[in-house]
1. Given the conditions (1) without any contact (Cβ under 8 Å) to a residue 40 or more places away in the chain; (2) crowded, with 20+ Cβ neighbours inside 10 Å; (3) among the hydrophobic types (A, V, I, L, M, F, W, C), which single one is not true for LEU102?
2. Any residue that is β-branched (Val, Ile, Thr) and either assigned to a strand (DSSP E or B) or under 22 Å from GLU129 (Cα atoms) (or both) - is there at least one of those in region 18-31?
3. For region 32-67, give me each residue that is outside any strand (DSSP E or B) and touching a Gly at 6+ places or on another chain (Cβ under 6 Å).
4. Cβ-Cβ distance below 6 Å, separation of 6 or more or different chains: which pairs start in region 66-84 with a residue that is in contact (Cβ under 8 Å) with a residue 40 or more places away in the chain and end on one that is surrounded by 17 or more Cβ atoms within 10 Å (Cβ to Cβ) and in a helix (DSSP H, G or I)?
5. If you take the residues of region 33-67 that are surrounded by 13 or more Cβ atoms within 10 Å (Cβ to Cβ) and among the polar types (S, T, N, Q), which of them is nearest to GLU121 (Cα to Cα)?
6. Counting only residues that are surrounded by fewer than 17 Cβ atoms within 10 Å (Cβ to Cβ) and part of a strand (DSSP E or B), how many does region 68-78 have?
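Bear in mind these aren't lab numbers, they're just calculated from the coordinates by the rules spelled out. None of these values were measured; they are calculated from a predicted model. Here the Cβ positions follow ideal geometry from the backbone for every residue, glycine too, while neighbour counts run over all protein chains shown.
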Amino acid sequence: MSRDRVAEQLARVPMFADLSKKHLQRVSSLATVVEVEPGRVLAAQGDTGREFVVVLSGDVEVCRDGEVLAKRSDGDFFGEIALLLDKPRTASVIATSPSTILVIEARDFKAMLQENPELYEPLIKAIGERIVLRDDHNLA
């Protein structure tokens with residue numbers, strides 16, 4: 001997938017929607033697009049988080065201790081908690097359909113945030129929502 005196409009898809013992701021075309025191009029240059037099949041484990045509970053993932057298309061399930069806690073799909077993201085808090089993954093994430101994901105490695109994720117501080121707001125909002133829902137076991 002071309003960088004222009006990745007940037008176009010990122011523009012449809014709420015977290016990145018307010019970025020300029022230039023910044024979207026920069027973010028797309030930091031990312032790797034990966035096609036995954038159903039059943040692929042994208043993140044394993046307890047592992048060290050080394051990447052931030054955006055679901056460009058498809059469906060994934062967030063599981064903790066074998067229990068499905070949430071479903072994520074187009075435009076959703078995960079991995080930010082482990083990277084921002086330097087903590088192990090709080091849940092596993094498994095593809096449930098053929099999916100296209102965008103992977104940004106930890107070092108590049110941090111560079112992306114430094115270059116685009118406006119991205120902190122949607123990240124903090126997502127973390128806050130996930131923490132509030134923690135009592136319902138919905139933290140991803």
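1. Failing condition for LEU102: (1).
2. Kept after step one, since they are β-branched (Val, Ile, Thr), are these residues of region 18-31: 27.
Next, from what is left, pick out any that are either assigned to a strand (DSSP E or B) or under 22 Å from GLU129 (Cα atoms) (or both): none.
No: zero hits.
3. We begin by selecting, within region 32-67, every residue outside any strand (DSSP E or B); these are 37-40, 44-47, 49-50, 58, 65-66.
Scanning region 32-67 gives a single hit, GLY49.
4. What qualifies is GLU80/LEU123.
5. SER57
6. Applying the first criterion (surrounded by fewer than 17 Cβ atoms within 10 Å (Cβ to Cβ)) to region 68-78 yields 68, 71, 73-74.
Filter once more, keeping what is part of a strand (DSSP E or B): 68, 71, 73.
Going through region 68-78 one residue at a time, the tally reaches 3.
For (1) crowded, with 19+ Cβ neighbours inside 10 Å; (2) under 18 Å from GLU129 (Cβ atoms); (3) in contact with a helix residue (DSSP H, G or I) (Cβ under 8 Å, 6 or more places away or on another chain), each residue gets a yes or a no:
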residue: GLU80; (1), (2), (3): yes, yes, yes
residue: LYS87; (1), (2), (3): no, yes, yes
residue: THR90; (1), (2), (3): yes, yes, yes
residue: ASP108; (1), (2), (3): no, no, yes
residue: ALA111; (1), (2), (3): no, no, yes
residue: GLU115; (1), (2), (3): no, no, yes
